[in-house]
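The values are calculated or read from the model by the stated rules, or taken from the named source; none is laboratory data. As the structure is a prediction and not an experimental result, all values here were calculated from the model. Methodologically, a virtual Cβ is constructed for each residue, glycine included, from the backbone with ideal geometry; neighbour enumeration extends over all protein chains shown. Ligands, DNA and RNA are stripped out before the accessible areas are found, and what is left, the full protein with its side chains, is counted by its heavy atoms. Shrake-Rupley method; radii C 1.70, N 1.55, O 1.52, S 1.80 Å.
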Amino acid sequence: MPTIYPPVAEAVFAGVTAVTPAGSRERPMQLTMAGFAFGLGAFLWYGLRLLGRDPRRAVLWAWCPLVALEAGNNAHVEVVAVAFTAVAVLVLTRARTGGAAALGGAALGLAVATKLTPALLAPVLARRRPVAVGLGVAGALCAVYLPHVLAVGPGVLGYLPGYLHEEGYADGSRFALLDLVLPDHLVRPVAVVVLATVAVVVLRTVEEDEPWRAGAAMVGAALLVTAPTYPWYAMVLVMLVAYGASTAWFALAVAAYLAQFAPQVGLATHDGQRIGYAVALVAVVVGLLRGRPVMRPRRGQV
């Protein structure tokens, strides 16, 4: 089957393969993704200082077990997308000119051209200068996709349609929490309505100088609705928590593991999804209502 991965991810794979000695197996890819994880930890330390926030929050990324497991051990390219997204968050939070906003948009475009998940943050990050950000995103996407479109045309979508069908998103069977309380024919339309409602609320309440809070709400809502069985999908959420989103969102970084290992604990995968994401939903709601930050600003910091 053609790959599901977008062109930036393919470029990373090709680059690592080009310098990998024969017989090296998975180790070079593990080291590459671990390098991105280490680099992003250092970038968060630097970025948080620039934003006047406590740089110690970088450890919420660097010490998160999900990052070690899914970036270092399992070598998921998600960490590359999250790194580009982190750059976009910093640049667009500080952007005061159209040029800076376009640069941040380009970083976001490269993130989306690595994995699709960062696209959830586009409305939040584009709020201040939507035209410049949009041009930056479009420019980056065109630059990396154009060679592929010229070569294979519609085949550039790869296995994405097959993935959506295989994972049960096409017929609504994968929406574990919604199909627990709704008939099958209502699951997909209700999922769309829920995500659209969250998007509207987020856009009306986003703080342009702290977009990570609204961004975490958008990503978190998408994970709760779609209930993926892949823990690495929550990696972007871990990065947003490091920037300043509530640590309650960490519950979603755990939820998918129960679904992933459900057979090992005597559960069906679907039941593991329901239990994991239901518990995570309760934990997120309670945590957000309590609203206690894990680290308070140092004296003199804003």
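Any chance you could count how many residues in the stretch 268-283 are assigned to a helix (DSSP H, G or I), of a type in the set (A, V, I, L, M) and free of Cβ contacts under 8 Å to residues at least 60 places away in the same chain? Walk me through it before giving the result.
Pass one, the stretch 268-283, residues assigned to a helix (DSSP H, G or I): 269-283.
In the following step, the residues that additionally are of a type in the set (A, V, I, L, M) were identified as 275, 278-283.
Now drop any that are not free of Cβ contacts under 8 Å to residues at least 60 places away in the same chain, which leaves 275, 279-280, 282-283.
The number of residues fulfilling the criteria is 5.
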ask   = Would the stretch 88-96 turn up any residue that is open to solvent by less than 20 Å² (accessible area, probe 1.4 Å), in contact (Cβ under 8 Å) with a residue 60 or more places away in the chain and β-branched (Val, Ile, Thr)?
value = yes
key: Qualifying residue in the stretch 224-242 (condition: in contact with a Lys or Arg (Cβ under 6 Å, 6 or more places away or on another chain) and either over 23 Å from residue 195 (Cβ atoms) or modelled with pLDDT of 95 or more (or both))   = yes
task = Please name all residue pairs, on different chains or six or more residues apart, with Cβ atoms under 6 Å, provided the first residue is in the stretch 122-144 and is more than 14 Å from residue 98 (Cβ to Cβ) and the second residue is open to solvent by 40 Å² or more (accessible area, probe 1.4 Å) and assigned to a helix (DSSP H, G or I).
result = 123/203; 140/110
note = Restricting the stretch 237-267 to residues that are in contact with a helix residue (DSSP H, G or I) (Cβ under 6 Å, 6 or more places away or on another chain) and outside any helix (DSSP H, G or I), the one surrounded by the most Cβ atoms within 10 Å (Cβ to Cβ) turns out to be 245
ask   = Which of the residues belonging to the stretch 187-235 are in a helix (DSSP H, G or I), free of Cβ contacts under 8 Å to residues at least 24 places away in the same chain and open to solvent by 70 Å² or more (accessible area, probe 1.4 Å)?
value = 188, 192, 193, 197, 200, 201, 204, 205
request  = Please go through the stretch 97-121 and pick out each residue that is touching a residue at least 12 places away in the same chain (Cβ under 8 Å), among the polar types (S, T, N, Q) and open to solvent by 20 Å² or more (accessible area, probe 1.4 Å).
outcome  = 117
note = The correct count of residues that are among the polar types (S, T, N, Q) and either over 18 Å from residue 281 (Cβ atoms) or without any contact (Cβ under 8 Å) to a residue 40 or more places away in the chain (or both) in the stretch 236-253 is 0
